[in-house]
Amino acid sequence: MTVDAHHHLWQPDRGYRWLDDPDLAGIRRPFTPEHLCAELAAAGVARSVLVEGGRCHPDEVSEFLGYAADTEPIAGVVAWADLTDPELPATLAGYRRLPGGEFLVGVRSQVQGEADPDYLERSEVRRGLAAVADAGLVFDLVVRADQLPAAARAARATPQLDFVLDHLGKPRIAAGAPGLAGWRTDVTALAAGPNVSAKLSGLVTEAGPAWSVEQLRPYVAVAVTAFGAGRLMFGSDWPVCLLVADYRSVRDALKAALPPLTGAERDQIFGRTAVRVYGLDL
């Protein structure tokens, strides 16, 4: 069973201000559960994880949990939460009480939008991470490549929390060899933490419109070596991926970019890891 561990849904008029960027005109339109189900069915993907989309508002949480309750393929939701919220434990408990709250599997904050590369070192942020762990949830790391060292330190400091690195830390694939060199060292250090998994997602977008499987291969190879198949998962990053590639092309590109693996290892990447890490009830 194939599981897509990372996709989004949105209605642009509900506060997704980041979509105002002129370069994002191609995805500045509604993406609904109906659109998602059509994509999953066409690609032969059985289940998925819906991830917060940069709206950064509690209203999105209730909306997404409702989608999960009403949409069979959505097996889990990674909701938005503010790590610096002093009432974060109560906030997370409130999420669970919402309709569809049983689909809450993790939370994410927009760390990539913080100018400080050491944002995850802040005491109030570390308290927030501990609260996420106490709630029995996973924390998705959406970080820039320069934030990977701080992410590694946060993972070591919070061993009771399962972290999932989104988009492999957004390596600068379009920059060529220099982008690979620095990223390799930092992502390998992060992967040394046994409580960290990663998503093979968002890579075509980082490579840009002229992306190729050959560009992706070294990054995927590093990830497989560092994390192992048991801590890696496929994510489409749909509909963001539509800026450079359609859903099926993203999935097929990852299959082509993977090094030689056993059938069991491929099953982990394309489903079993996500089920285990997020505790998905299929």
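Coordinate-derived values only; no laboratory data. These numbers come from a predicted model, not from an experiment. Cβ sites come from the backbone with ideal geometry, for glycine too, and all protein chains shown count toward neighbours.
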Can you confirm whether the stretch 124-134 contains a residue that is surrounded by fewer than 23 Cβ atoms within 10 Å (Cβ to Cβ) and not in a helix (DSSP H, G or I)?
no
Residues (within 11 Å of residue 118 (Cα to Cα) and buried (at least 20 other Cβ atoms within 10 Å of the Cβ)) located in the stretch 153-163
154
